[in-house]
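Note sheet for the following structure.
The values are calculated or read from the model by the stated rules, or taken from the named source; none is laboratory data. This structure is a prediction, so every number in the text was calculated from the model and none was measured. All Cβ positions, glycine included, derive from the backbone under ideal geometry; neighbour counts span all protein chains shown.
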Amino acid sequence: MTKQILKAHKVRLYPNEEQQIFFAKSFGCTRFIWNRMLSDKIDHYNEHKTE
């Protein structure tokens with residue numbers, strides 16, 4: 001039986017105002033696409049009752 005070692009690193013960012021705006025827009029778009037695709041998948045499942 002092999003043993004896995006998991007590592008993690010915490011990173012703190014200090015973006016300037018322009019970078020904060022960029023991150024907010026990027027994460028907003030990502031969240032919109034994720035929710036849209038999730039909604040489509042749920043609708044498809046409800047119509048066909050299969051994955």
For the stretch 3-13, does any single residue satisfy the condition of being assigned to a helix (DSSP H, G or I) and charged (D, E, K, R)? no
Filter pass, I5 being surrounded by 10 or more Cβ atoms within 10 Å (Cβ to Cβ), of a type in the set (A, V, I, L, M) and either modelled with pLDDT under 95 or on the phi < 0 side of the Ramachandran plot (or both): no
Log entry, pairs with first residue in the stretch 8-28 being at negative phi, second being at pLDDT 95 or above and exposed (fewer than 10 other Cβ atoms within 10 Å of the Cβ), beta carbons closer than 9 Å, six or more apart or on different chains, reads none
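Give me a count of the residues in the stretch 34-51 that are surrounded by fewer than 10 Cβ atoms within 10 Å (Cβ to Cβ) and on the phi < 0 side of the Ramachandran plot. Break it down stepwise before answering.
Here is the first cut: in the stretch 34-51, the ones surrounded by fewer than 10 Cβ atoms within 10 Å (Cβ to Cβ) are 46-51.
If we keep only those that are on the phi < 0 side of the Ramachandran plot too, we end up with 46-48, 50-51.
Residues that pass the stated criteria total 5.
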